[in-house]
Every structure is written in C-alpha cells, then in structure tokens.
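See below for the structure under consideration.
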Amino acid sequence: MDAPPMLAQDRITRDQRKLAARLGADRLERSVSPGVVTHRRHTLDPGLDYYLYVPEDHHPDAPILVSVHGISRNAHEHAEALASQAERHGVVLIAPHFSRPRFPDYQRLGRRGHGVRADIALDAIVAEVVALTGARGDRFFLTGYSGGAQFAHRYAFAYPRRVAALAVCAAGWYTFPDPDLVYPHGLRLGGRLPGVAFNPAAILRLPAVAFVGARDTARDPALNTADGIDRRQGRTRLARARNWIAAMTEAARARGLDTGYDFELLPRTGHSFHAGVAPNRGDLARRLFERMFTT
C-alpha cells in the first residue's frame, strides 16, 4: 500500500532536518550573503534553483515573501525588482525558478502526468531558506505575476494555512471557487493533484488582492482564449481579475465570511512586469510590500 501523501509542513520539517544534518548550522549561516540577490541551487536537488535576497539586518523569524515568475521564467528580474522593498521591510525574498523542462505545468501546480509538482518544489525551497536564514517558514507571503499569479492562487487554494497573504498580479485566468467545475477551472480535483484536497471553508478565509494593469486588455498569444474561459471569466485579464474577485467575495459571503478581496489597477500598465513594477507607472513593488507588511 502506498504511504499517505505528506502534508506541506511535514515536508518542510523533513527537508530542514535533512539540510541541517548534511551541512551543519554554522555552514548554513555562512552560506548566506545578505544585501545582494544570489542565485542558488537547492542542496538536496541541484536541478531546482531560485533567487534569494536576505536583508542586511535580517533576524530570526523574519517574514518570507515568495514571488513567482510568468512563462518567460524571469525569476531574476522578480528578485532584483523587489529586493529594495524587501530590504526596507526586513523581508526575506524568494523568487523560485520553475524551468520549462521540469515544470511545464507549474501554473497549475503540476498535474498528474504533466511534469514535476511545482507546489512540492516550492515547499522544498522554503524549507532550505528557513534552514539557511532562520526566517519564519510555517506561513509565508505569496505573490506572482501572470503565469506566476496562476500558480500563486492555486497554491494558496491547496495550502491556505501556509499562506499569510496572497496577491495575484495580472493572471491570465483563474481557478474559481466552484466545487462543480473540474480543476484547474474549479475545485473538483478528481485525482489531478495527488495529496491535495481543496477545503473551500479554509480557502475562503484567506484574503487576497488582485493587481492588474489598467491597459491589460490585449488578447495576446499568451492569453488562454478558450471559449469556456471567455464565457465564464471574461475576454481580458482585466475583466477576469474583476470577475474572480467578485466570485471569491460572493462565495465567502455565502458562507457567512467577511473575508476581504480587493481589486487594484496598475496605472499606465499593460501586460508587462517591467512596467508594473516601475515607480512612475504601476509602482507594484512599493504597493505590494505596503499592502502586505505595513499595518
């Protein structure tokens, strides 16, 4: 009989112990370079890589923000664009790199038969960073842009108690909180993600914000233009973000929950991460950190 699937926190604790046994606490600490973006390969899986920024004055139990790239795989750009805000707010920043050969389905977490599971890979990266830095790893802040926003909200749906706050930025399309729609359109999994069970009551307690460019209305080649998506979610990223926020709000209210779901426009921004984070345009980096880390 197969062993039962391992929960995310159990995987993280296991990986932290493996790392500590292999490297020792002193070597873990010495391998961190505060104040600069570093590219790392995972100690237990060198085929898994990520970018890391640790503030110069970092401290144990610092919060972690994970920022996930889109299909251009621009993880380094994410790390560089958000590093100054991570320094300002004392946040350990992780930008995972989901390579195309290993993670062709990362936006949907890596369904059965579609490559390596991206959710499990992220858990391994977080475990390593916790071991390296002493940052808080039980709950982390999560965001993503475009395809990365697809990953981010689906990870949050799968593990709502692991995510402290969620920001989805310019997602191409969404998983809706509908138990009758087959995943990734809705919450009916049917064995597509072994070990995952969506819990709508927990999902709908996690607040979220959707950022999208005010000019993100093009039906470009990267946009999923399937008839069903157009019909249920809208024809543009802008419309789809509004409709997803509305659907999440309605589903939460139907359960008697007052969870906050917000929609925010990035001015003078189309579907461009570079424009989105530019201070004179979308100003996303500042707005994202102030939203998540300013009380």
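Each value in this text was obtained by applying a stated rule to the coordinates, not by laboratory testing. No experiment lies behind these values; they were computed from the predicted model shown. No Cβ is skipped: glycine too gets one built from the backbone with ideal geometry, and neighbour counts run over all protein chains shown.
Report, for the chain, the % of DSSP beta bridges that are antiparallel, rounded to 5.
30 percent
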> Using all Cα-Cα distances in the chain, what percent lands in each 5 angstrom bin from 0 up to the longest?
Replying inline: 1, 6, 12, 17, 19, 18, 13, 8, 4, 1, 0, 0
> Rounded to the nearest 20 Debye, what is the dipole magnitude of the range 195-290 about its Cα centre when Lys and Arg each give +1 and Asp and Glu each give -1 at the C-beta?
Replying inline: 140 debye
> For R88 and A218 in one chain, what is 0.36 nm times their gap in residues minus the Cα-Cα distance, to one decimal in nm?
Replying inline: 43.3 nm
>> Counting other C-beta atoms within 10 Å, and keeping those with at most 15, which DSSP coil trypsin sites (Lys or Arg not before Pro) do you find in the range 228-295?
In response: R235, R255, R268
> Residue by residue through the range 128-136, which ³J(HN,Hα) values in whole Hz follow from phi under the Karplus form 6.51 cos²θ - 1.76 cosθ + 1.60 (θ = phi - 60°), with glycine and proline marked x?
Replying inline: 5, 5, 4, 5, 6, 10, x, 5, 6
> Taking amide H positions as placed 1.01 Å from N in the peptide plane, with prolines and chain starts having none, which residues 5 or more places from I71, or on another chain, fall under 5 Å of its amide H?
Replying inline: G147, G148
>> Using amide H atoms built in the peptide plane, which far-off residues or other-chain residues are under 5 Å from E264 H to H?
In response: A210, F211, V212
> Over the range 8-293, what is the mean sequence separation of C-alpha contacts under 8 Å (at least six apart), divided by residue count, expressed as relative contact order in percent?
Replying inline: 15 percent
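Could you sort 50-60, 92-102 so that the peptide with the highest average Cβ count within 10 Å comes first and the rest follow in order? Walk me through the numbers before you get to the answer.
Values: 50-60: 17.9, 92-102: 21.5.
Highest to lowest by the protection proxy: 92-102, 50-60.
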> From the backbone phi of the range 143-158, what are the Karplus-calculated ³J(HN,Hα) couplings (6.51 cos²θ - 1.76 cosθ + 1.60, θ = phi - 60°) in whole Hz, Gly and Pro given as x?
Replying inline: 9, x, 10, 6, x, x, 5, 4, 4, 4, 6, 6, 4, 4, 5, 6
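Please arrange D49, D15 by how many other C-beta atoms lie within 10 Å of their C-beta, fewest to most.
Working: D49 16, D15 22.
Listed from fewest to most nearby Cβ atoms, that is D49, D15.
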> Which angle between 0 and 90 degrees, to the nearest 10, do you get for helix 75-89 versus the longest principal axis of the chain when only C-alpha atoms count?
Replying inline: 80 degrees
> Can you give the % of DSSP beta bridges in the range 141-295 that are antiparallel, to the nearest 5?
Replying inline: 0 percent
>> Spelling out what I want: for every residue of the range 167-183, take phi, set θ = phi - 60°, compute 6.51 cos²θ - 1.76 cosθ + 1.60 (Karplus), and round to whole Hz; glycine and proline get x.
In response: 10, 9, 10, 6, 4, x, 7, 9, 8, 8, x, 10, x, 8, 8, 6, 4
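Using a Förster distance of 35 angstrom, determine the FRET efficiency expected from the C-beta separation of V36 and D227, and round it to 0.05. Write down the numbers at each step before the final one.
Working: r = 47 Å, r/R0 = 1.35.
After rounding, the FRET efficiency stands at 0.15.
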>> Considering only C-alpha atoms, what is the centroid distance from the range 146-193 to the range 226-295, in Å?
In response: 14 Å
>> 5 Å is the cut-off here: which amide hydrogens, built 1.01 Å from N in the peptide plane, fall below it relative to G110, excluding neighbours closer than 5 in sequence?
In response: A118
